[in-house]
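Asks: To start, I am sharing the structure in question, which I have written as structure tokens.
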Amino acid sequence: MIFLKIIWFFLPAYAANITASIFKLKFLDFPISKKIFGSHKTYAGFFSGIIFSLFIVSLQRLFFEFPFFKKISYLDYSKNFLLIGFCLGFGALFGDLIKSFFKRRVGKLPGERWIPFDQIDYTLGAIVFISFIFKPSFEFIFLSFILNFFLHILINHLGFWLDIRKSKW
């Protein structure tokens, strides 16, 4: 049950992370800073990711009325749901940006594997930003990193097999 609760909790962060690489706002489709983060980190991806995170948390707010979803929720989605969505979405994408900064510094190319950082960057960013309104336990943080590490690999492979992504990573 705890893994289901963690997945439910991170849905807005997952959405932000996935959406940033799939959906693009054409008028913002240019790099945030090619020199600092690389050419693949765009304003379009960043803002579309946050918007989709807010959409997902809005759905979570609606589902929070049902007992099952209350039971699997760490947060009260009836309060501050937009702040929750922003913190998780922005945090996930900010974590990815920071990882990209360091990835470029060590000479890794966009799309090149950098295990385990490619798999945990969004989790760390989301946890840091959501901690302003939710204090996760050590167990929650530890299990989130383990679960999200493997989920990230699985989702990226699935995207590759479905021809949505160009690489498995």
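The values are calculated or read from the model by the stated rules, or taken from the named source; none is laboratory data. Every value quoted in this text rests on a predicted model; they were computed, and no experiment measured them. Positions of Cβ are generated from backbone atoms using ideal geometry, with glycine treated the same way; all protein chains shown enter the neighbour counts.
Asks: Answer yes or no: is there a residue in the stretch 120-143 that is under 20 Å from residue 20 (Cβ atoms), modelled with pLDDT of 85 or more and acidic (Asp, Glu).
Replies: The answer is yes, given that some residue of the stretch 120-143 is under 20 Å from residue 20 (Cβ atoms), modelled with pLDDT of 85 or more and acidic (Asp, Glu).
Asks: Would you point out which residue out of 103, 99, 35 is in a helix (DSSP H, G or I) and surrounded by fewer than 16 Cβ atoms within 10 Å (Cβ to Cβ)?
Replies: 35
Asks: Quickly run through the stretch 52-73 and pick out the residues that are more than 12 Å from residue 12 (Cα to Cα) and surrounded by 14 or more Cβ atoms within 10 Å (Cβ to Cβ).
Replies: Across the stretch 52-73, the qualifying residues are 63, 64, 69, 72, 73.
Asks: Determine whether residue 81 is closer than 17 Å to residue 41 by Cβ and of a type in the set (Phe, Trp, Tyr).
Replies: It is false that residue 81 is closer than 17 Å to residue 41 by Cβ and of a type in the set (Phe, Trp, Tyr).
Asks: Oh, and also: Can you find, within the stretch 150-169, the residue that is surrounded by the fewest Cβ atoms within 10 Å (Cβ to Cβ) among those that are closer than 22 Å to residue 109 by Cβ and either modelled with pLDDT of 85 or more or among the hydrophobic types (A, V, I, L, M, F, W, C) (or both)?
Replies: It comes out as 164.
Asks: Given the criterion in contact with a Ser or Thr (Cβ under 8 Å, 6 or more places away or on another chain), closer than 16 Å to residue 3 by Cβ and free of Cβ contacts under 8 Å to residues at least 60 places away in the same chain, identify the matching residue among 150, 160, 145.
Replies: The conditions single out 145.
Asks: When residues of the stretch 71-94 are filtered for being part of a helix (DSSP H, G or I), under 16 Å from residue 6 (Cβ atoms) and of a type outside the set (A, V, I, L, M, F, W, C), how many remain?
Replies: Going through the stretch 71-94 one residue at a time, the tally reaches 2.
Asks: Restricting the stretch 1-32 to residues that are hydroxyl-bearing (Ser, Thr, Tyr) and crowded, with 21+ Cβ neighbours inside 10 Å, which is nearest to residue 86 (Cα to Cα)?
Replies: 14
Asks: Please tell me if residue 127 is outside any helix (DSSP H, G or I) and surrounded by 12 or more Cβ atoms within 10 Å (Cβ to Cβ).
Replies: no
Asks: Are any residues in the stretch 38-49 crowded, with 20+ Cβ neighbours inside 10 Å and in a helix (DSSP H, G or I), and if so, which ones?
Replies: Of everything in the stretch 38-49, those that are crowded, with 20+ Cβ neighbours inside 10 Å and in a helix (DSSP H, G or I) turn out to be 45, 46, 48, 49.
Asks: Can you pull out the residues in the stretch 106-124 that are part of a helix (DSSP H, G or I) and charged (D, E, K, R)?
Replies: The answer is 118, 121.
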